[in-house]
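Trainee: For reference, the structure I am asking about is given below.
The values are calculated or read from the model by the stated rules, or taken from the named source; none is laboratory data. In this text, all values refer to a predicted model and were calculated from it rather than measured experimentally. Quick reminder, even Gly has a Cβ in these numbers, built from the backbone with ideal geometry, and neighbours come from all protein chains shown. What goes into the accessible areas is simple: the full protein's heavy atoms, side chains included, and nothing from ligands, DNA or RNA. Shrake-Rupley method; radii C 1.70, N 1.55, O 1.52, S 1.80 Å.
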Amino acid sequence: MIEATTLTKRYGAKTAVDGVSFAVRPGLVTGFLGPNGAGKSTTMRMIVGLDRPTSGRVTVNGMPYAEHRSPLHEVGALLEAKAVHTGRSARNHLRALAATHGIPRRRVDEVIDLTGLHSVAGRRVGGFSLGMGQRLGIAAALLGDPATLILDEPVNGLDPEGVLWVRGFVRQFAAEGRTVLLSSHLMSEMALTADHIIVIGKGRVIADAPVGDIVGSTKTYVRVRSPRIDEIARRLGQPDVEVTSTAADTIEVRGITAEVIGDAALQLGVALHELTEITGSLEDAYMDLTRDEVEYRTTVGASAASAASAGPSAPSAASASTEGALR
Amino acid sequence: MTATVTGPAVARLSHQPLPEARLGFGGVLRSEWIKLTTVRSTVWAYAIIFLLQLGMGAVIVLSQPEEYLEASAPADVAVFSASLGVMLNQLVISVLGVLVITGEYGTGQIRSSLTAVPRRLPVLWGKAIVFGVTSFVVGIVSVLASFGLNAVLLQSRGVSVTLFDAEVWPYLVGAAGYLALVGLIAFFLGALIRHTAGGVAAAMGLILVVPSVLGFISAEWVTVLGQWLPMSVGQNLFFPATVFQPWQAILVMLGWIAVVAVPAAILLKRRDA
C-alpha cells in the first residue's frame, strides 16, 4: 500500500509534482500513466526517498520508506536502468546491495536466474545493453522479496520475450497480494498489464480509476458509409443522437447502436457500404485526458498546413516542431 | 495429439523463504567492502601505491653518496627512504578517495545505494571506515615492504638496520596513517562536490597548489597558515616532528577531515540524490 497526500515537488520555479494524492492498493497492478515530463519518475523517486518532497508526504505500508527496518523487504524499486557502477559485474552489484540487509548469497543467485542474467552475471555492467540493464534493475528490485514493487518504465529496451515476461511477472506478483506500481507512457502496455490506472499530467492527477472505467469513459461510436449518407443522417436525427460527418459519404454516429442504424437504412432502401462499431481504446481515453496536459508537444505538419493555405506554389514539406509548453 | 503451449516462463518470486533480512551497519560495512574491492580502479591504485613506495625508497637508498650514509644514523636513512614514497602516494590515494564516492554519482550507482540504505548517512560513514582502514593497511604493508627492501639494499652497502629498533615504528605507522587520513580528506571532498574532476581538482589544490602558492607570500601569518595545511602537518608524522608533535598532527588531520565531512554529511542528507 502506497499512500501519497498532497505530494509536491518544486525545482526552483518549476513544479514537477503539484499536490498529488493517491493510493496504490495491494493485490492490483496499478499503472502510472502520463506523457514525458508529467512527474511520474519524480513521484516514484519521492516514494523511496531519493527526492525530498517540497511539501506533502508519501508512505509505504503506513510509514515513510526510510523509516522501515528492512527497506528492501518493503519496496523493490527499478527507477532507472543501470543505476549501477559501470566497472562492477552484475553479480557483484547485487551482492553489494544484498549485503546491506544480510540477504544470503543464494537469493542473489536466485534473482539472477529469475531475470535470465545467468550468462552475463560475471560481466561488467558498462557493456550491458539497455535490456540487460533493465533485467539487472528488476533483479535488484526483487532481492529483498519485497511486498511492494515500483517499476519505472520496466519494458523500455526489453525484447518481446522480456516484455511478456515482465507482464506475466507483475500480474503474478499482484495476484500474490502484493502491491505493484508500474509507470509507462505506453498505453497499449498498460491496457495489457494494469488493473487500475492513475493518469498524471503536468504534475497533477487527471484520472484515478479501474482500467475498464477509463476505457469506458471514451464514447464508442458507429461509422456509417453510404452513397446516400445524407438521407440516413436525416433519418437518425434525434435529440440524443450525435451525428458527425467525417467525409462526403461517411458519418460517425453516437447514441444509437449499429442494429438501429442498419434497420433504418433498410427501411429507407439505402445501400450501406460500411457499418462499423468502434470501441474506444485506452489510447483514445488517454489522448482525451491528456490533450491539454502534454509538457512537450510535437506539432507535425503544422507548417505544411500553413504552407498549403498560402498557395499551391508553396513547397509542402512537412516539418515537425517541438515546443515546450510553458506554464 | 497434444499441443504444447510455450509461453514465457512465469518466474517464481522466491524458491525458498528468505531468513529475516534486516538493514544494519555491519551489513553496510560488508556492502562497502564488496563495492571497494570489485572495481578495478581500487586494485590499480593500491598496486601503484605499493610499487611507488618500494621504488622511491630503493632509488633514494641507492642514490645516496657514501659520505651521507656514513654521516647519518642508519635508522634515519632507512625510515626516510621508506616514508618518502608517501609524498607521491598522497596524490594517488587522494584520487582514489575521490573516485570511491564520485564513481557512484557519475554512474548512478548512488541511487541504488541510497535506495538500499535510505537513511543515507550509514553509506557515507561505512564507506569512509572501509576506505580509511583499507588504505591504512595497504599503506603499512607498503611502507614495511619498502623498509625491508631498503634494509637489504643498505646491507649490501655495509649499513645494518632492523625493525627491532623501536624508534623506527612511529615513523612507519605515521606514514601509513597520513596516507589514510589524507585519503579521507579527499574522500569527503568528493562527497561534497559529487563530480570526479571537481573532486580531484579540489584535493590536488588543497594538497599541492595551496602550499606552493602560500610559499611565495612572505608574511608571518601566511607561513603559520602553511604549517597547518595537510601536507605540512603530515610531515610531522613520518619525518622528524618540527611544528607539531605526532599526536597533535593527528588531531589537526582529523580536524581537516571534520571540516569537510560535516558539510558533506549535511548535504548528503538534504540534497536529492
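Trainee: For B:Glu20, A:Glu80, give the ranking by accessible area with the largest first, probe 1.4 Å.
Mentor: B:Glu20, A:Glu80
Trainee: Given the rule -39500 (n - 2.57) for each run of at least 4 DSSP H residues, summed and divided by the residues of chain A, what is its mean residue ellipticity at 222 nm, to the nearest 500 deg cm²/dmol?
Mentor: -10000 deg cm²/dmol
Trainee: Moving on to the next point. Can you give the net charge of the other residues whose Cβ lies under 15 Å from the Cβ of B:Leu189, counting K and R as +1 and D and E as -1?
Mentor: Local net charge: +1.
Trainee: By the scheme Lys and Arg +1, Asp and Glu -1, what is the net charge of all other residues having a beta-carbon under 14 Å from that of B:Leu69?
Mentor: The answer is -3.
Trainee: Per residue of the stretch A:3-9, in order, report the coupling 6.51 cos²θ - 1.76 cosθ + 1.60 (Karplus, θ = phi - 60°) as ³J(HN,Hα) in whole Hz, putting x for Gly and Pro.
Mentor: Calculated HN-Hα couplings, in order: 10, 10, 10, 6, 6, 9, 9 Hz.
Trainee: When the solvent-accessible surface of protein heavy atoms is calculated with a 1.4 angstrom probe, in what order do A:Lys82, B:Lys269 fall, highest first?
Mentor: Numbers: A:Lys82 65, B:Lys269 90 Å².
Greatest to least solvent exposure: B:Lys269, A:Lys82.
Trainee: Just to be sure I follow the rule: in the protein assembly as shown, considering lysines 8 or more places apart or on different chains, how many pairs have Cα atoms under 24 Å apart?
Mentor: 15
Trainee: Evaluate E = 1/(1 + (r/R0)^6) for A:Thr86 and B:Glu20, where r is the Cβ-Cβ distance and R0 equals 35 Å; express this FRET efficiency to the nearest 0.05. Spell out each step's value before the answer.
Mentor: On the way: r = 33 Å, r/R0 = 0.94.
Using R0 = 35 Å, I get an efficiency of 0.60.
Trainee: Would you tell me the mean number of C-beta atoms belonging to other protein chains that fall within 10 Å of each C-beta in B:218-229, as a whole number?
Mentor: Details: counts 0, 0, 0, 0, 0, 0, 0, 0, 0, 0, 0, 0.
Mean shielding count: 0.
Trainee: What percent do you get for the relative contact order of the stretch A:2-215 when only Cα pairs under 8 Å and 6+ apart count?
Mentor: So the answer I get is 31 percent.
Trainee: Could you tell me the relative contact order of the stretch B:27-270? Use alpha-carbon pairs under 8 Å, at least six residues apart, and round to a whole percent.
Mentor: Working: 321 pairs, mean separation 61.9, N = 244.
Reported relative contact order: 25 percent.
Trainee: A:Ser188 versus B:Ala47, label points 7 Å from Cα toward the beta carbon: distance in nm?
Mentor: Going from the A:Ser188 label point to the B:Ala47 one covers 5.0 nm.
Trainee: A further question on this structure: I'd like to verify something in chain B: which complete DSSP H helices, judged by Cα projection on the helix axis, reach 27 Å or more and average at least -1.0 on the Kyte-Doolittle scale?
Mentor: Membrane-span-like by this criterion, though nothing is claimed about a membrane: B:40-63, B:86-107, B:121-156, B:168-193, B:246-270.
Trainee: Another question, then. How big is the antiparallel share of DSSP beta bridges in the stretch A:2-215, given as a percent to the nearest 5?
Mentor: The antiparallel fraction comes to roughly 55 percent.
Trainee: So in the protein assembly as shown, what percent of DSSP beta bridges are antiparallel if you round to the nearest 5?
Mentor: Working: 39 of 57 bridges.
Counting only bridges with both partners in the protein assembly as shown, antiparallel ones make up about 70 percent.
Trainee: Keeping all protein chains in place and using 1.4 angstrom, which order do A:Met132, A:Met44 fall into by accessible surface area, from largest down?
Mentor: Accessible-area ranking of A:Met132, A:Met44, largest first: A:Met132, A:Met44.
Trainee: Could you tell me the total accessible area buried at the A-B interface, probe 1.4 Å, in square angstrom to the nearest hundred? Write out the running numbers ahead of the final one.
Mentor: Values: alone 16260 and 14830 Å², together 27020 Å².
Buried: approximately 4100 Å² between B and A.
Trainee: What figure in square angstrom, to the nearest 10, would you give for the accessible area of B:Met231 with a 1.4 Å probe?
Mentor: About 40 Å², rounded to the nearest 10.
Trainee: A follow-up question, please. How much accessible surface area, in Å² rounded to 10, belongs to the heavy atoms of A:Asp263 with a 1.4 Å probe?
Mentor: For A:Asp263, solvent-accessible area is about 90 Å².
Trainee: Keeping all protein chains in the complex and leaving out DNA, RNA and ligands, what accessible area do you get for B:Trp125 with a 1.4 Å probe, in Å² to the nearest 10?
Mentor: 100
Trainee: Give me the net charge for the shell around A:Gly133: Cβ to Cβ below 15 angstrom, other residues only, Lys and Arg +1, Asp and Glu -1.
Mentor: +3
Trainee: With each run of n ≥ 4 DSSP H residues scored as -39500 (n - 2.57), what mean residue ellipticity at 222 nm is computed for chain B after dividing by its residue count and rounding to the nearest 500 deg cm²/dmol?
Mentor: Rounded to the nearest 500, it is -24500 deg cm²/dmol.
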